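K.L.:
Would you mind keeping the following structure in view while I ask a few things?
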Amino acid sequence: MASTTFHKRAITAGLAALVLGLSACASGDGDSGGDDTGGGDGGGDLISVGFAQVGAESGWRTANTTSIKDALTKEEGFDLKFSDAQQKQENQIQAIRSYIAQGVDYIAFSPVVESGWDAVLEEAKTADIPVILTDRAVDTEDDSLYVTFIGSDFVEEGRRIGAYVSETLATEPIKVVELQGTTGSAPAIDRKTGFEEATADNPNVEIIASQTGNFTRAEGKTVMEGFLQAYPDIDVVYAHNDDMGLGAIEAIEAAGKVPGEDIKIVTIDGVKDGMQALADGKITYIVECNPLLGPDLAEIIKTLDSGGTVEKRIVTKDEEFDQEAAKAALPDRQY
Ligand code: AHR
């Protein structure tokens, strides 16, 4: 079920627009928050959107930023204000407050961590500015604080990687180390949960160490160096994103071992560098997390702006790749 969200700008848009609904992006479920929201008229005829991005921590994030900037252009009717929080929640909160003060029509953001958003989201609600969550969820009791959440199912991504490890790599006992994403972030929490769920019934899978590499290549490498020193018998690295997996490759090679042979690496994302490493046999398996959310975000905003409705949860579709699939996909890979 989804309820209609009216926007000040939509009042002049005519009754016909009220029947518009979002049908494009994959599947959805649940209610739309449905508060009667509206914002300032920051961009004249343009729809003003404040987007508070997490940072530039990974290839995935760079592709996501490009997708959003390419979709929310003036030509498409948007006045986009963009900020980079450098992976700090306080910066993101500050950016959102600044968008509220500017009276933008819509706010969209990908929360760096799950908790601690209620106060600033209440401020946006009081200012009648609809909030759209992209990529990552917030942990709140009050789902009227945002209109919709579009992004991947991170638990399912973890499950899919876990199923591959359990069925393909753990036919005999294996020792797994886990490079977690940013502590407290939805993808780190959910990908850990999904992996543990999918491997729980296989006694051959032993997770011997788990530490955050903050979704960056540099920190992934540093943490992997520590793992290699502490555990001489690692069989598999589960990295919550490609970049940390690529950092692990550097650490493994520096330690004189062969990634893909001595130690298998499985990751999530499917960015070009990760897919190339998979095609080269250094990574063994990748579950995709699609970063190209810009066109769907633009459509969501246009739908809301015309007085239409959107689903409360819109789940994007992700594929998965082994070496052959990566070789086939690489020539046309957009990111
Ligand atoms: O929230 C999506 C995750 O954030 C991506 O998997 C990771 O690469 C990024 O930093």
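The values are calculated or read from the model by the stated rules, or taken from the named source; none is laboratory data. From a predicted model like this one, the values you see are computed outputs, not experimental measurements. Glycine gets a Cβ as well: all are built from the backbone with ideal geometry, and neighbour counts include every protein chain shown. We work out accessible area using only protein heavy atoms, side chains counted, and drop any ligands, DNA or RNA first. Shrake-Rupley method; radii C 1.70, N 1.55, O 1.52, S 1.80 Å.
K.L.:
How much length would be gained if the chain were fully extended between A101 and N204, taking 0.36 nm per residue of separation minus their Cα-Cα distance, in nm to one decimal? Mind dumping the intermediate values first?
P.N.:
Values: separation 103, 0.36 × 103 = 37.08 nm, distance 5.50 nm.
Additional length available on full extension: 31.6 nm.
K.L.:
Looking at the chain only, what percent of DSSP beta bridges run antiparallel? Nearest 5 please.
P.N.:
Percentage antiparallel, nearest 5: 15.
K.L.:
Over the range 130-284, how many percent of alpha carbon pairs lie in each 5 Å bin up to the one with the longest distance?
P.N.:
In order of increasing distance, the bins hold 2, 10, 19, 22, 20, 13, 7, 4, 3, 1, 0 percent.
K.L.:
Provide the gained length on full extension for the span D332 to V258, in nm with one decimal, where the gain is 0.36 nm per separating residue minus the Cα-Cα distance. It would help to have the intermediate numbers written out before the result.
P.N.:
On the way: separation 74, 0.36 × 74 = 26.64 nm, distance 2.83 nm.
Using 0.36 nm per residue and subtracting the Cα-Cα distance, I get 23.8 nm.
K.L.:
At 1.4 Å probe size, with every protein chain present, just tell me what the per residue accessible area of the range 154-289 comes to in Å².
P.N.:
Heavy-atom accessible area per residue stands at 37 Å².
K.L.:
Sticking with this structure for a sec: Rounded to the nearest percent, how much of the accessible area of the chain (1.4 Å probe, protein heavy atoms only) is carbon and sulfur?
P.N.:
That share works out to 48 percent.
K.L.:
Could you order peptides 295-302, 162-169, 264-271, 175-182 by the average number of other Cβ atoms within 10 Å of their residues, highest first?
P.N.:
Details: 295-302: 21.4, 162-169: 18.9, 264-271: 26.6, 175-182: 24.0.
For the peptides 295-302, 162-169, 264-271, 175-182, the packing ranking is 264-271, 175-182, 295-302, 162-169.
K.L.:
Something else now. Compare the peptides 50-58, 306-314 by average per-residue count of other Cβ atoms within 10 angstrom and give them in order, highest first. Write down the numbers at each step before the final one.
P.N.:
Details: 50-58: 23.9, 306-314: 22.1.
Packing proxy ranking, top to bottom: 50-58, 306-314.
K.L.:
While we're on this one: Sticking with the crude label model, points 7 Å out along Cα→Cβ, report the distance from D142 to E75 in nm, one decimal please.
P.N.:
Between D142 and E75, the simple spin-label model gives 4.1 nm.
K.L.:
May I ask you to order 322-333, 142-153 by the average number of other C-beta atoms within 10 Å around their residues, highest value first? Walk me through the numbers on the way to the answer.
P.N.:
Details: 322-333: 13.5, 142-153: 21.4.
By packing density, highest mean first, the sequence is 142-153, 322-333.
K.L.:
Modelling each spin label as a point 7 Å along the Cα-to-Cβ direction, I'd like the E167/T222 distance in nm, to one decimal.
P.N.:
Distance between label points: 3.8 nm.
K.L.:
Taking only DSSP H segments of four or more residues, each worth -39500 (n - 2.57), what value at 222 nm results for the chain once the sum is divided by all its residues, to the nearest 500 deg cm²/dmol?
P.N.:
Details: 10 runs with 115 residues, N = 335.
Computed ellipticity for the chain at 222 nm equals -10500 deg cm²/dmol.
K.L.:
Could you check the simple spin-label distance between E250 and F82, using points 7 Å along Cα→Cβ, in nm with one decimal?
P.N.:
2.5 nm
K.L.:
Still on this structure, please answer the following. Ordered by residue, what ³J(HN,Hα) values in Hz, to whole numbers, does the range 94-100 give under the Karplus form 6.51 cos²θ - 1.76 cosθ + 1.60, where θ = phi - 60° and Gly and Pro are x?
P.N.:
Along the range 94-100, the couplings run 4, 5, 5, 4, 5, 5, 5 Hz.
K.L.:
Right, here's the next one. Which lysines have a Cα lying under 20 Å from the Cα of K317, excluding residues fewer than 8 positions away in the same chain?
P.N.:
Here the lysines satisfying the reach criterion relative to K317 are K192, K272.
K.L.:
Now for a separate question. Between the DSSP loop rule and a limit of at most 16 other Cβ atoms within 10 Å, which trypsin sites (Lys or Arg not before Pro) in the range 68-159 are left? Intermediate values should be presented prior to the final figure.
P.N.:
Values: sites: K69, K74, K81, K88, R97, K125, R136, R159; in loops: K74, K88, R136.
Listed in order of number, the matching sites are K74, K88.
K.L.:
I would also like to ask the following. Taking Cα pairs under 8 Å and at least six residues apart, what relative contact order does the chain come out at, in percent?
P.N.:
On the way: 793 pairs, mean separation 78.2, N = 335.
Relative CO of the chain lands at 23 percent.
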